[in-house]
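Visitor: Here it is, the structure, as structure tokens.
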Amino acid sequence: MTEGVNPFESLQSQIDEAAAHLEIGSDVIERLKHPERVLETNLTIERDDGELERFKAFRSQFNGDRGPYKGGIRYHPQVSRDEVKALSGWMVYKCATVGIPYGGGKGGIVIDPDDYSESELERVTRAFATELRPMIGEDRDIPAPDVNTGQREMNWIKDTYETLENTTEPGVITGKNIASGGSEGRVEATGRSTVIAAREAFDYLDKDLEGATVAVQGYGNAGWIAAKLIDEMGATVVAASDSSGGIYNPDGFDPVAAKDHKNETGSIVGYAESEEDVTNEEVLTMDVDLLIPAALENAIDADLANAVEADVISEAANGPLTPEADALLERRDVFVVPDILANAGGVTVSYFEWVQNRQRFSWTEQRVNDELEEIIVDAFVALVETLEENALDNPRTAAYVVAIQRVADAFEEAGSFP
């Protein structure tokens, strides 16, 4: 991640850019640039050796005009107040872009989970769930997984909340294990929407996805699944990376086998089909048809943007481009499918999970995938229509024009209270 780039300022810059194309008062726009509230708390647990340790944690509730707050919880040493504010804001406009009736939230704990045992992580998670208890609920704020969290942590949060509330409320959180009320298709959802959006972009640009070369930066859940699915669509994944480094094979490699290697060794580096080890920066600047940044925000700054050679970028990560990088790539006619559309599969299938939990009725994986595809395709059509109707050059700006208008409409229709 690029040092010194404030993600919250990046979000506000993106909102200002889109607001110039909207007939919305500056007072309303100012309201839509700031979170409604942010919880900052300190969690103290007993470690396995009996020592106490303190962890800083946050939860930002950015905007609830269109529905309950929705957003993930990440465990990472770089978690900060401004980061969760930015991520919660991006979630507001992501939900609005794809028409999901949610607001936006985000949370995180300043922790490197690799340094702690499973029992210690459970204690930290349950301590955070206890602090979140007054804020969350299926009609208030619905957390979900994010960086370094998954079904395990969501199950712990659900159990803690239900135990303290003496109730059964599976819809309090999404991204759960199937046995705990999770949804079919949730694990693949973010990667799936990223490649659906990429496919639609290639079609719009009259490019052939069959045989297209692809580089994936970040080989976690979203990245490796995007690689697998884009490979199944006929594209050729030639490069991929994780935090340890990257691999490259000009003839392509098996994304699933590469993931198996990462599971066995802890890194994608050293995979047998790789012809050359490469750096994360080299993956981001590789001469490919499609680049999928799937790690953390601010991966590509203005300096790196000058070296990017991909024709299309589909953002599986949140905020992988700084505003300066975005402007440079726009001038170079690189088509960027913005994060608030490309990676919206996660929140979309979380919405499906929430609906299933409330109905106490489970959908098939096929229904989940079909419903997801329809929503992402419709959102891409709305983006393109806005792009062309407003003579815009930047797909991100078009997405924000759609999203901000929808949030502003909800605010105006509700009236002002108090």
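Visitor: Among 83-90, 300-307, how do they line up from the highest to the lowest mean number of other beta-carbon atoms within 10 Å?
Guide: Numbers: 83-90: 27.2, 300-307: 17.4.
Ranked by mean Cβ neighbours within 10 Å, highest first: 83-90, 300-307.
Visitor: Next up: Compute the FRET efficiency between GLU309 and THR163 as 1/(1 + (r/R0)^6), taking r as their Cβ-Cβ distance and R0 = 51 Å, and round to the nearest 0.05. Don't jump to the answer; show the numbers that get you there.
Guide: Working: r = 53 Å, r/R0 = 1.03.
Efficiency for this residue pair is about 0.45.
Visitor: Summing Lys, Arg as +1 and Asp, Glu as -1, what charge do residues with Cβ under 11 Å from the Cβ of GLN217 carry, GLN217 excluded?
Guide: Values: positive: none; negative: ASP242, GLU281, GLU282, GLU315.
Its environment carries a net charge of -4.
Visitor: Also, I was wondering about something else. Need one number: % antiparallel among DSSP beta bridges in the chain, to the nearest 5. Spell out each step's value before the answer.
Guide: Working: 24 of 47 bridges.
Around 50 percent antiparallel, to the nearest 5.
Visitor: Could you order the peptides 119-129, 48-58 from most to least packed, using the average number of other C-beta atoms within 10 Å per residue? Walk me through the numbers on the way to the answer.
Guide: Values: 119-129: 20.6, 48-58: 12.9.
So the order, starting with the most tightly packed, is 119-129, 48-58.
Visitor: Still on this structure: Which net charge results for the neighbourhood of MET91, defined as the other residues with beta-carbon distances under 9 angstrom from its beta-carbon, given Lys and Arg at +1 and Asp and Glu at -1?
Guide: Values: positive: LYS70, LYS94, LYS106; negative: none.
Charge balance in the 9 Å sphere: +3.
Visitor: Next question. Given the rule -39500 (n - 2.57) for each run of at least 4 DSSP H residues, summed and divided by the residues of the chain, what is its mean residue ellipticity at 222 nm, to the nearest 500 deg cm²/dmol? Please list the in-between numbers first.
Guide: Details: 15 runs with 187 residues, N = 418.
Helices in the chain give a 222 nm mean residue ellipticity of -14000 deg cm²/dmol.
Visitor: Only one of the listed values, [x] 49, 25, 20; [y] 30, 27, 20; [z] 37, 22, 19, was derived from the coordinates as semi-axes √(5λ) of the Cα gyration tensor in Å; which label is it?
Guide: [y]
Visitor: Still on this model: Summing Lys, Arg as +1 and Asp, Glu as -1, what charge do residues with Cβ under 12 Å from the Cβ of ALA189 carry, ALA189 excluded? Each step should come with its number before you reach the end.
Guide: On the way: positive: ARG186, ARG192; negative: GLU184, GLU188, GLU353, GLU365, GLU371, GLU373.
Here the charged neighbours net out to -4.
Visitor: Can you send over the solvent-accessible area of TYR161, 1.4 Å probe, protein chains only, in Å² to the nearest 10?
Guide: For TYR161, solvent-accessible area is about 10 Å².
Visitor: Follow-up. What is the packing order of peptides 105-118, 363-376, taking the mean over residues of other C-beta atoms within 10 Å and listing the highest first? Don't skip to the end; give the middle numbers.
Guide: Working: 105-118: 19.6, 363-376: 16.6.
Per-residue Cβ counts within 10 Å, averaged per peptide and sorted highest first, yield 105-118, 363-376.
Visitor: Ordering SER244, SER60 by how much accessible area each has at a 1.4 Å probe, largest first, what is the list? Intermediate values should be presented prior to the final figure.
Guide: Details: SER244 80, SER60 0 Å².
So the residues, ranked largest to smallest area, are SER244, SER60.
Visitor: Set Lys and Arg Cβ to +1 and Asp and Glu Cβ to -1, take the dipole of the chain about its Cα centre, and tell me which of SER243, ALA198, ILE178 lies farthest positive.
Guide: ILE178
The values are calculated or read from the model by the stated rules, or taken from the named source; none is laboratory data. From a predicted model like this one, the values you see are computed outputs, not experimental measurements. FYI the Cβ positions are ideal-geometry reconstructions off the backbone, even for glycines, and counts take in every protein chain you see. Keep in mind that these areas ignore ligands, DNA and RNA; they rest on the heavy atoms of the full protein, side chains included. Shrake-Rupley method; radii C 1.70, N 1.55, O 1.52, S 1.80 Å.
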